[in-house]
1. Take the conditions touching a helix residue (DSSP H, G or I) at 6+ places or on another chain (Cβ under 6 Å) and in a loop (DSSP other than H, G, I, E, B) and apply them to Thr19. Does it pass?
2. Ala105 versus (1) touching a residue at least 60 places away in the same chain (Cβ under 8 Å); (2) crowded, with 17+ Cβ neighbours inside 10 Å; (3) among the hydrophobic types (A, V, I, L, M, F, W, C): which is the lone unmet condition?
3. Can you name every residue in region 37-74 that is free of Cβ contacts under 8 Å to residues at least 24 places away in the same chain and crowded, with 18+ Cβ neighbours inside 10 Å?
4. Which one of Arg135, Arg141 is under 16 Å from the mean Cα position of the chain (by Cα), at pLDDT below 90, loosely packed, with under 11 Cβ neighbours inside 10 Å and farther than 19 Å from Glu48 by Cα?
5. Among the residues of region 116-124, are any surrounded by 14 or more Cβ atoms within 10 Å (Cβ to Cβ) and either of a type in the set (Ser, Thr, Tyr) or touching a residue at least 40 places away in the same chain (Cβ under 8 Å) (or both)?
6. Anything in region 73-116 that is in a loop (DSSP other than H, G, I, E, B) and β-branched (Val, Ile, Thr)? List them, or say none.
7. Output yes when any residue across region 23-33 is within 16 Å of the chain's Cα centre (by Cα), within 26 Å of Gly125 (Cα to Cα), without any contact (Cβ under 8 Å) to a residue 24 or more places away in the chain and surrounded by 12 or more Cβ atoms within 10 Å (Cβ to Cβ), and no when none is.
Amino acid sequence: MQIRRARPDDFLKVQSLLTQLMPGRPHNQHAMWDALAGYPGYGAWVAEIGDAPAGFLDLFVFPDVAHGAPIAIINNLRVREPFRRRGLGKRLLHAAVDHSSRDQAVEVHVWTDFDNARAIQLYKGVGFAERALLRELDTSRLDDSTPRSSEAGASPASDL
């Protein structure tokens, strides 16, 4: 069992893991993978057992104006079903936290579905605390009747 940084040529190894995370949306994954290869603050790790990809994690470390320091967000974490409960998720998380710490991130954020008890248990076991509620808006489903910021009474971003 090995955890290592992902390489640009790893896409085909992790594609099925990514598709499990986002079923029905694989059409742009390869282009995103290529674009992220040199993206500042992006990191990805692959867990392998033998030559088989068993898990994947990626994250972004970026400056946060409110903290006055970098923070990190774990974007995707997936371990293949037959390889779960072997410590791979924990090792991937530790790799991400270690990387974030080296990049001076003062916090690492992660999210999961409310009913994903295994993931919640894993995150708690690594030390993540439940501190916030994540809300999500799927912008691909917006239509012309969806209120925009200026229509909803919010200040436009140009007022900053």
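1. Spelling it out, it is not the case that Thr19 is touching a helix residue (DSSP H, G or I) at 6+ places or on another chain (Cβ under 6 Å) and in a loop (DSSP other than H, G, I, E, B).
2. Failed condition: (1).
3. Phe60
4. Arg135
5. yes
6. Within region 73-116, the first condition is being in a loop (DSSP other than H, G, I, E, B), and the residues that meet it are 80, 84-87, 103-107, 110-116.
Correct list: Val106, Val110, Thr112.
7. Looking through region 23-33, none of the residues is within 16 Å of the chain's Cα centre (by Cα), within 26 Å of Gly125 (Cα to Cα), without any contact (Cβ under 8 Å) to a residue 24 or more places away in the chain and surrounded by 12 or more Cβ atoms within 10 Å (Cβ to Cβ).
Each row is one residue, and each column tells you yes or no for (1) modelled with pLDDT of 95 or more; (2) of a type outside the set (S, T, N, Q); (3) in contact with a Ser or Thr (Cβ under 7 Å, 6 or more places away or on another chain); (4) farther than 23 Å from Thr112 by Cβ.
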| position | (1), (2), (3), (4) |
| --- | --- |
| Ala37 | no, yes, no, yes |
| Trp45 | yes, yes, no, no |
| Ala52 | no, yes, no, yes |
| Leu57 | yes, yes, no, no |
| Phe60 | yes, yes, no, no |
| Pro63 | yes, yes, no, yes |
| Gly68 | yes, yes, no, yes |
| Ile73 | yes, yes, no, no |
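The values are calculated or read from the model by the stated rules, or taken from the named source; none is laboratory data. Keep in mind the model is a prediction, meaning the values are calculated, not measured. Neighbour counts run over all protein chains shown; Cβ positions are idealised from the backbone, glycine included.
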